[in-house]
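Structure first, commentary second.
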Amino acid sequence: MFGCLVAGRLVQTAAQQVAEDKFVFDLPDYENINHVVVFMLGTIPFPEGMGGSVYFSYPDSNGMPVWQLLGFVTNGKPSAIFKISGLKSGEGSQHPFGAMNIVRTPSVAQIGISVELLDSLAQQTPVGNAAVSSVDSFTQFTQKMLDNFYNFASSFAVSQAQMTPSPSEMFIPANVVLKWYETVSN
């Protein structure tokens with residue numbers, strides 16, 4: 001029903017079912033994970049009016065699980081990307097996994113998915129720094145690309161007195177690149 005993906009690792013599609021409505025994925029070596037993707041496989045939709053709250057759990061200094069709500073997946077939003085790198089020192093929240101005795105080792109975190117009513121999901125508040133930036137990744141990439149291009153092109157700027165004639169090469173004045181950059185980046 002669910003899948004879990006961490007960059008550089010194989011996709012996990014075999015969630016451990018720990019209760020009728022609760023599933024977990026193990027995340028070994030969680031200290032080196034920045035983002036995790038949770039998604040529905042598309043084989044079994046949620047029952048009408050239901051969705052899944054997504055939790056991240058890591059062991060505290062005593063080895064006890066600390067659960068934090070990341071967000072949700074639903075039939076209408078079947079996948080989500082969560083930033084978990086800043087959560088490892090945060091505080092836990094109330095969670096539906098209660099005192100379940102889920103087997104774990106010290107360097108393994110878990111992603112938990114709890115199937116709940118959509119109305120219940122709407123009333124829950126995910127931990128603030130779990131969400132990926134509100135600026136979409138394409139916008140971020142484009143801005144970084146523009147900055148990089150401008151900096152790169154500017155690094156070759158020379159004054160007209162410093163130029164050596166080369167009839168086979170075309171030259172673009174730096175102020176033209178600057179005008180373009182200012183137009184596109186605003």
Inset, instruction - Quick one: which residue in Ala157, Ala161 is among the aliphatic types (A, V, I, L, M) and surrounded by 11 or more Cβ atoms within 10 Å (Cβ to Cβ)? - result: Ala157
Legend entry - Residue count for the range 1-39, restricted to those that are touching a strand residue (DSSP E or B) at 6+ places or on another chain (Cβ under 7 Å), within 19 Å of Trp67 (Cα to Cα) and in a loop (DSSP other than H, G, I, E, B): 5
Inset, instruction - Six or more apart or on different chains, Cβ under 7 Å: which pairs go from a residue in the range 62-73 that's without any contact (Cβ under 8 Å) to a residue 40 or more places away in the chain to one that's of a type outside the set (A, V, I, L, M)? Could you list them? - result: Val66/Ser57; Val66/Tyr58; Val66/Asp60; Val66/Gly92
Legend entry - Members of the range 12-40 that are touching a Gly at 6+ places or on another chain (Cβ under 6 Å) and without any contact (Cβ under 8 Å) to a residue 60 or more places away in the chain: Thr13, Phe39
Legend entry - Positions within the range 57-69 being out of contact with any Phe, Trp or Tyr (no Cβ under 7 Å at 6 or more places or on another chain) and either under 10 Å from Leu87 (Cα atoms) or not in a loop (DSSP other than H, G, I, E, B) (or both), in sequence order: Pro59, Pro65
Legend entry - Failed condition for Leu69, given (1) within 22 Å of Leu118 (Cβ to Cβ); (2) modelled with pLDDT under 90; (3) of a type in the set (A, V, I, L, M, F, W, C): (2)
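The values are calculated or read from the model by the stated rules, or taken from the named source; none is laboratory data. Bear in mind that the values here come from a model prediction, so they are computed numbers and not experimental data. In this analysis, Cβ positions are derived from the backbone assuming ideal geometry, glycine residues included, and neighbour counts consider all displayed protein chains.
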